[in-house]
Each structure stands twice: as C-alpha cells, then as structure tokens.
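Working notes, structure below.
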Amino acid sequence: MAVTGSVRVRLAPSPTGTLHIGTARTAVFNWLFARHHGGSFLLRIEDTDRERSRPEYTANILEGLHWLGLDWDGEPVIQSERIEAHRAAIAQLLASGHAYRCYANEAELTAMRELQQAQNRAPRYDNRHRDLSPEQEGAFLAEGREAVVRFRIDDGAVISWQDLVRGEMRWAGSDLGGDMVIARRAPADQIGDPLYNLVVVVDDAAMAISHVIRGEDHIANTAKQLLLYTALGHTPPVFAHTPLILNQEGKKLSKRDGVTSISDFQAMGYSAEALVNYMTLLGWSPPEGMGERFSLEQAAAVFDFGRVNRAGARFDWDKLNWLNGQVLHGLDPESLRQQLLPLWAARGWGSAGPGAEADWQRQLCALLAPSLTLLADGVEQALPFFTRPEPDAAALAQLASDGVRPALATLLALLPEGGETLSAEQAQALLGQAASQAGVKKGVLMKSLRAALLGSLQGPDLVTTWRLLHPSGEDRLRLQSSSTVP
Ligand code: GLU
C-alpha cells in the first residue's frame, strides 16, 4: 500500500513496568517507518491506570528509548493530562446515542457470566441495559446505583481494514464481547474514568496519527477502535500489527523468560547498537545483499512493511550475541576504553597506579576487543591485567611440568632492567634465547609464560600480554613466583 500524506506515528507505552523488549521493538518499527518517510515519531505515556503507573517506570522507558537511539519528536504527551478531552468524547457519544449508561452491578454481571459458562457459551456482556426505558433507569437511580458507560457494538457489524502487515482483516461485531465499557463505574450524574480503547482513539485523533504500528495482541482492540473512530466522526489511521516476539518454545516472550527489560540487557553488557540491530531483525527481513549487521539509519533507508513477517519472531540469543560481538570488535580502542572505564572503576581498577595510563588502557582494549561478546567480558578478560590471577588447574599443571620452573627463571634473569616497554622483536628474541639456554622448546616456554602471567592456558596474544604487563614489573613478580614456588 502506497504511503500518502505526512507520516505521524507514535509509541504509546504504559508506565506500569520497565521498558519491555516487545515495546522497544514496536518503537524500532515506528521509528524506522517515520524516519524512512521523513515523518514524525511521537511519544505518549499512557498513565491512566493510576494504581499501576509509576513515575520511575516512565523515567526507565524514556531513558531506555534514548539509550537505544530512538529519539522522538517533541515533548511526550501525558495521557492523564488529557482526561477532559476523553470525558468530552464520552459525553459526545452519550449525546449521539452511541453510548449509554449501564447500571448492572458486579453481582448481576457475575451471575450472567456463570450462566453463560454453564451453558457453554463464550462470556460476553448481554447488552441488557442498552435500551432501558426512562422508568427503568429512574428505578436504578432511585436505588442509588452507579453506572459504567458502554459503547454500542452492533452484533451484525463487520469491521474490516487493510493491515500493512497482515493484509485484509475482518472482524465480526458479534466477536467483540458485547457493548464495551468506555468509562468506569461512577455516580450516574458523572462520567467515570475513561478506559483504554476510548482514550487511545481520542488521543490518536488529536495527535493526527497517520499510522498505528503496534503488536498483533492489539488486533481485537483495533476492531473496537475502528467503531469508535466512526462514531466520533474521525478518519481512522492506517494500522500495522507486528508479529509477537516468541521464546524458545514458540510462546509469547514473557517475564517468565527471564531477561525482557531493555535495562536488563543494558546491565548484562549488550550495546544499544547491537540490541536495536537485533530488534530490527525480529520480524523484519532486510533486503537481499544488506546482511544482518546495520545501523538504524541504514535500516530506515530501506524499511517497509512489505518485509515484515506475519509469523512470530523467535528470540535468538546466539544471533544477539553475535551482533554484539560484531559491534565490540569494530570499536576503536578509545571508544571501547570509554565504555569499559566505568565497569573497571566499579572494581576499583584503572584510576590509579599501574594500569591507570590511558595509552596502556587503549593497548589493552585493542588486545581484548576481538574476543569480546559482551562488554562485561572486557572486565573478566581484563582481570589478569589489573590483579594477580589465581592459576587454574591447567596452569598449575603446566607450571609443575619438568623443566618449566628453571626455564622461567632463565627468562626472568634475561629480562632487561628498567621499566621500558619490551618491543615485540625483543620479546620474541628473549623467548628464543631463554628457551635455548634452558634447553626447552620455545612453544613450551611460551605456554608456561602464559600460565605464569595469566594463570590460565587461554587468553589473548601472548607477546602483547607480556608487553603490557612489563612496564609495571608485574611480569617479573609473576615469573618470580611461578619459577620459585615449589
Ligand atoms: N498502552 C498500550 C500498550 O502499552 C498502547 C497500545 C497502543 O499502541 O495502542 O500496550
């Protein structure tokens, strides 16, 4: 479907929890669509659920979007500040006869549902107060009953729309659960708190939203909302329902799956760049030749709903990890250093004494970058550079092998005095010389040096590691303890 007119989309998160990956992915698709069409991406905080909404969740959502690079246009609209407009729309629907007051109390509604259940019928409101006579209404008022406001849903209505993802959609009015509550219970001369479907329509119309892009769990709401658009005399937006994010079992990803908040991913050490790249791939296939690694701007240049799948998108940790590694491997040493400094500082590393020099830290970052998957790996793997490691079993076995201790002592004796950095050639030459003097293979000496320096047989390039540890004399200390400890 061709996009005509100016594009205005919105993200409408409810601040009843931290920024969820599903909401963030919806934000990504909205952002990409807006930027692709040179339109606006607006934000509306849907805080009308007073009991569950919290300012700290709003802060978390805004921070998360900002961290991901999903900048929005203008100030966020705060839904609760628009309650008078919502009430006015309800009054309009009451006046036009599209809505009415329903006095049924909880006990009556429960009895109605129990009867439906006993008869094996789907639970729905049976529209019992749709056409009360003035006398009946008067009797309820005399009893002091309160009322909700319900919007009439014609059972015979067929609601259809052209969905940007799912194509032609049709919904029967009879499948919408009967006349819908649009305002909570209140004394009958007032209008109670307006409810979700009503306020969304009023706000989307007021914000002149051209396209509503949201998860497919909102499809039934869309059917209801289309009826409200018509009743209120507004032109509805175009809808795009994006596929759900699924867990490994193919079920909707939920809190039970562990990490689902953007702030959790951030705390785990994922980069914003990798995470938005990954979220873009959750349901959207890039055009041929683009590959899977791209920036938001690159995706925005080619984004369209024709490439959004209808099927749910399975969350794939391996792919996210791979993308995160790609981002980290591509960072220049200074950028990586800037990202690692706070994590190192949290361990008390890198601000004073050996290891505090920026140039040394950049060299360390260049050494570690190719083996990082998560930023946090840059803490784990930097550990032997900032603290003396406990040798693991394999390293201890290596250090206990025949001839290793004397060979390390030989190397130690050959080390030049003074804190000058060893050149790579110098380091190689020293290794050759020590190996031949001690009568061991150079490979054996290198493995032993690694065990002595890192306390492990695994790790980054040995010569670079050694050179980094040399200026502070840390290599001498480690060689000494390894070559003398029985
Ligand atoms: N507040 C709703 C939600 O978070 C918004 C849905 C919509 O985009 O209309 O699910």
Q. With Leu19, Leu42, Leu65 as the choices, which residue is touching a residue at least 12 places away in the same chain (Cβ under 8 Å), in contact with a strand residue (DSSP E or B) (Cβ under 8 Å, 6 or more places away or on another chain), more than 13 Å from the ligand (Cβ to nearest atom) and among the hydrophobic types (A, V, I, L, M, F, W, C)?
A. Leu65
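One line per residue, one yes/no per condition, for (1) at pLDDT below 95; (2) in contact with a helix residue (DSSP H, G or I) (Cβ under 8 Å, 6 or more places away or on another chain); (3) not small (Gly, Ala, Ser):
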residue: Ala208; (1), (2), (3): no, no, no
residue: Val212; (1), (2), (3): no, yes, yes
residue: Lys251; (1), (2), (3): yes, no, yes
residue: Ala274; (1), (2), (3): no, yes, no
residue: Met279; (1), (2), (3): no, yes, yes
residue: Ala300; (1), (2), (3): no, yes, no
Q: Mind counting the residues in segment 273-315 that are within 19 Å of the chain's Cα centre (by Cα) and not hydrophobic (A, V, I, L, M, F, W, C)?
A: 12
Q) How many residues does segment 291-320 hold that are closer than 18 Å to Trp31 by Cβ and part of a loop (DSSP other than H, G, I, E, B)? A) 4
Q: Identify, by number, the condition in (1) closer than 30 Å to Ser436 by Cβ; (2) touching a Cys at 6+ places or on another chain (Cβ under 6 Å); (3) of a type outside the set (A, V, I, L, M, F, W, C) that Arg337 doesn't meet.
A: (1)
(Q) Going by what's in this entry, would Ile262 be described as more than 30 Å from Gly177 (Cα to Cα), touching a residue at least 12 places away in the same chain (Cβ under 8 Å) and within 16 Å of the ligand (Cβ to nearest atom)? (A) yes
Q. Consider Glu51 against the criteria (1) surrounded by fewer than 22 Cβ atoms within 10 Å (Cβ to Cβ); (2) at pLDDT 95 or above: it satisfies all of them except one. Which criterion is unmet?
A. (2)
**Q.** Whichever residue in segment 348-362 is surrounded by fewer than 17 Cβ atoms within 10 Å (Cβ to Cβ) and in a helix (DSSP H, G or I) and, among such residues, is nearest to the chain's Cα centre (by Cα)
**A.** Arg362
Q | Of all residues in segment 224-244 being β-branched (Val, Ile, Thr) and surrounded by 18 or more Cβ atoms within 10 Å (Cβ to Cβ), the one that is farthest from His86 (Cα to Cα) | A | Thr242
(Q) Cβ contacts < 9 Å: first residue within 18 Å of Thr464 (Cα to Cα), restricted to segment 412-438; second residue acidic (Asp, Glu), any location; separation 6+ or different chain. Result? (A) Leu412/Asp475; Leu415/Asp475; Leu422/Asp475
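Let's see how each residue does on (1) in contact with a strand residue (DSSP E or B) (Cβ under 6 Å, 6 or more places away or on another chain); (2) within 12 Å of Ala395 (Cβ to Cβ); (3) part of a helix (DSSP H, G or I):
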site: Ala427; (1), (2), (3): no, no, yes
site: Gln433; (1), (2), (3): no, no, yes
site: Val440; (1), (2), (3): no, no, no
site: Ser456; (1), (2), (3): no, yes, no
site: Pro460; (1), (2), (3): no, no, no
site: Arg467; (1), (2), (3): no, no, yes
site: Ser472; (1), (2), (3): no, no, no
site: Arg476; (1), (2), (3): no, no, yes
site: Gln480; (1), (2), (3): no, no, yes
Q.
With the structure loaded, tell me whether Leu109 is over 20 Å from Asp189 (Cβ atoms) and not in a loop (DSSP other than H, G, I, E, B) or whether it fails that test.
A. yes
Q) Can Glu420 be described as surrounded by fewer than 14 Cβ atoms within 10 Å (Cβ to Cβ) and outside any helix (DSSP H, G or I)? A) yes
(Q) Tally up the residues in segment 41-84 that are among the hydroxyl-bearing types (Ser, Thr, Tyr), more than 17 Å from the chain's Cα centre (by Cα) and in a helix (DSSP H, G or I), please. (A) 1
Q: Select from segment 189-215 the residues that are hydroxyl-bearing (Ser, Thr, Tyr) and touching a strand residue (DSSP E or B) at 6+ places or on another chain (Cβ under 6 Å) and list them in ascending order.
A: Ser210
Q) In this structure, does Arg50 turn out to be charged (D, E, K, R) and within 16 Å of the ligand (Cβ to nearest atom)? A) yes
Q | Out of Leu343, Leu396, Leu328, Leu323, sole residue that is closer than 30 Å to Val440 by Cβ and in a helix (DSSP H, G or I) | A | Leu396
Q) Mind checking which residues of segment 173-211 are away from the ligand (no atom under 13 Å from the Cβ), among the polar types (S, T, N, Q) and under 21 Å from Val9 (Cβ atoms)? A) Ser210
Q) Which one is surrounded by the fewest Cβ atoms within 10 Å (Cβ to Cβ), of the residues in segment 212-223 that are more than 10 Å from the ligand (Cβ to nearest atom) and closer than 12 Å to Trp161 by Cβ? A) Ile219
Q | Qualifying position, being surrounded by fewer than 17 Cβ atoms within 10 Å (Cβ to Cβ), among the small types (Gly, Ala, Ser) and within 13 Å of the ligand (Cβ to nearest atom), among Ser14, Ser6, Ser96, Ser80 | A | Ser80
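The values are calculated or read from the model by the stated rules, or taken from the named source; none is laboratory data. This is a predicted model, so every value here is computed, not measured. Every residue, glycine as well, gets a Cβ built from its backbone with ideal geometry; the counts of neighbours run over all protein chains shown.
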